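*Asks:* The structure is given below, and queries will be raised subsequently.
The values are calculated or read from the model by the stated rules, or taken from the named source; none is laboratory data. Quantities reported herein were computed from a predicted structural model and do not represent experimental measurements. In this analysis, Cβ positions are derived from the backbone assuming ideal geometry, glycine residues included, and neighbour counts consider all displayed protein chains. Side chains included, ligands, DNA and RNA excluded: accessible areas come from the protein's heavy atoms. Shrake-Rupley method; radii C 1.70, N 1.55, O 1.52, S 1.80 Å.
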Amino acid sequence: MALPRRRNLSYNRFRSLVKFISSISGVLLILFAFLSFLAPSPNESQHFHLRHHHNSFNAVVEDPVTSGDSVFHNQSSGGKLDRDIWSSRNAKFFYGCSNVSAKFAKAEAVSRPTRYLAIATSGGLNQQRTGITDAVVAARILNATLVVPKLDQKSFWKDASNFSEIFDVDWFISSLSKDVKIIKQLPKRGGKSWTPYTMRVPRKCSERCYQNRVLPVILKRHHAVQLNKFDYRLANKLDTDLQKLRCRVNYHALKFADPILEMGKTLVHRMRMRSKRYIALHLRFEPDMLAFSGCDYGGGEKERNELGAIRKRWKTLHKNNPDKQRRQGKCPLTPEEVGLMLRALGYGSDVHIYVASGEVYGGEETLRPLKSLFPNFYSKDTIATKEELAPFSSFSSRMAALDFIVCDESDVFVTNNNGNMARILAGRRKYFGHKPTIRPNAKKLYRLFLSRSNMTWEAFASRVRTFQRGFMGEPKEVRPGRGEFHENPSACICEDSEAREKATTYSRGKKNGKLDDSSRKKEVIVSDDQNDYDDNDEPRWPDLDDDENQVWPQEKLHYNGTGSDYDAVISDEPELEEMLSD
């Protein structure tokens, strides 16, 4: 009997001990779980993760530069890179060349005294600029005298300025006097004002198109013709001499009027006083632009209702799939995404940014993440007084001209869409030394932004730099003849082959420790950042053209565009076309 009792006593003691250990373990587990909930994730300091939904630009974000536990704490300098972020590689070997050739006859030898061409431009400042440039070439094709172009005063932008209030008209006439005869107004006919015959030509009308469509009207009927809605009415590909004439107009003859030029220089000077270098950002995040894009930025029902109401103003816009639009790169980046792209490319928090933008959708709340990344944030309204801007503030084109000057003079220009201002400035910056011009590869960056919370900052930044190759404004980044001529004026960009060959020889010799004869052979060097133009990465926007403006089949061979975007839209709804023009 004693043995079973001892066994029962031992068993009861063992059960009590197990229960006690289990209770203690349970308490410890609960305590550990509670502490784990309160403690930060062990990977938090290693992973790139902002505390908000990746699509919502209305969310409040902690300052990613100064926050103590932020991943950007050690990235405020932009990181160490193996390249100069303020200049284009190999730019020193290329230069603008638009001098007239010996075979290009002077205007006095080809102009016919009974031929007059007038044009009425369309759109905002930069769309009108393309029209003015192309009008000079059209007049040369027709051997006609050009009347100083009329600017669109009834468009969405509602700017009543005439040509001489935006551009230096006397300089325009005199600097082109050897190419085309230009007069300020049509001469009187029989003592009365002369009203020209009005007509339109198709988009991308070639030299042959003008000779077949416009010249017979001038010769047989009226002697004076006005081409209305004149923008992108000249083919992309022309004879080299005509292309160079385009460049002489755009880069030399079209000079802003003195009041605009002086105020623009003042703004540039004030940016330079703040910092030796600065970035200019054309943000294009206005409500109208977002409504047109049909994109979803995570603002919920409120955003859909607001932007949807704006979109209904244009009957020709069909419903879009927001996710599809974003995947195809057809949506502007949010201000925060632009900032993250720039930081990944190596621009630190000390960089000064000038923002050219209208009303930003969401206001300061939308801009806050960008300003957190780049606190030195300016616009013409913050570096000039209301009194200084008063002569310009009631005129949208004059205000746009001020932004144009500051962006043109910037060390780096960043565009958030491929509109007219972006195209004109991209071409101009190539012509005058290939200053860096960054265009986001929105299609690939979108997928990267979606997955950014699952990778380290270093991995994110590396992929941004990879995806941006071919979108940084480097020489030969776009093959000659591709894209809009105003964006890629390849006929006016020459290469100093001799200087490049010498540099290649020196580089090879330095690498090998000597300069031998075998290293002196000529070769073409391709920049690491150079990339063939990928049409699949270029946004394509709805074609709203009408039958009248379709390019003739025989003319299509002369146009090798890279896809339309906001600004290539052609519509009978003036507000839509003009709103998108800059």
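*Asks:* Please list, in order, the residues from the range 138-176 whose amide nitrogen is less than 19 Å from a point placed 7 Å along the Cα→Cβ vector of ASN212.
*Replies:* The answer is 138-139, 141-143.
*Asks:* So what are the three principal axis dimensions of the range 107-256 from its Cα atoms, in whole Å, longest to shortest?
*Replies:* 40, 37, 29
*Asks:* THR456's amide H: which non-local residues (gap 5+, or another chain) put their own amide H closer than 5 Å, with H modeled 1.01 Å from N in plane and none for Pro or chain starts?
*Replies:* Those qualifying (amide H under 5 Å, at least 5 residues apart or on another chain) are PHE48.
*Asks:* How large is the accessible surface per residue of the range 107-256, computed with a 1.4 Å probe and reported in Å² as a whole number?
*Replies:* On the way: 5960 Å² over 150 residues.
Ligands and nucleic acids excluded, the figure is 40 Å² per residue.
*Asks:* Another question, then. Ranked from the most accessible area to the least, with a 1.4 Å probe and all protein chains present, what is the order of LEU261, LEU283? Spell out each step's value before the answer.
*Replies:* Details: LEU261 45, LEU283 0 Å².
In descending accessible area the options line up as LEU261, LEU283.
*Asks:* Determine the order of TRP314, TRP171 by accessible area, beginning with the largest, at a probe radius of 1.4 Å.
*Replies:* Details: TRP314 5, TRP171 105 Å².
Most to least solvent-accessible, the answer reads TRP171, TRP314.
*Asks:* With a 1.4 Å probe and every protein chain kept in, tell me what percent of the accessible surface of the range 107-256 is carbon plus sulfur.
*Replies:* Working: 2880 of 5960 Å².
Reported share for carbon and sulfur atoms: 48 percent.
*Asks:* Report for the range 107-256 the percent antiparallel among DSSP-assigned beta bridges with both residues inside it, nearest 5. Intermediate results must be reported in sequence, preceding the final value.
*Replies:* Details: 2 of 15 bridges.
Bridges in the range 107-256 are about 15 percent antiparallel.
*Asks:* Something else: Going by amide H atoms built from the backbone, whose H comes under 5 Å of the H on TYR278, apart from near neighbours?
*Replies:* Those lying under 5 Å, H to H, from TYR278 are ASP411, VAL412.
*Asks:* With the cut-off at 24 Å, report for the range 259-494 the share of all Cα pairs above it, as a whole percent.
*Replies:* On the way: 13534 of 27730 pairs.
Tail fraction, whole percent: 49.
*Asks:* Hey, another quick one. Show me the GluC sites (Glu not before Pro) within the range 327-372 that DSSP assigns to loop and that have at most 16 other Cβ atoms within 10 Å of their Cβ.
*Replies:* Working: sites: GLU336, GLU337, GLU359, GLU364, GLU365; in loops: GLU359.
Qualifying residues, ordered by number: GLU359.
*Asks:* May I ask you to compute the full-extension gain from ARG313 to TYR95, defined as 0.36 nm times their residue separation minus their alpha-carbon distance, rounded to one decimal in nm? Before the final figure, lay out the partial values.
*Replies:* Details: separation 218, 0.36 × 218 = 78.48 nm, distance 4.50 nm.
Net length gain for the segment: 74.0 nm.
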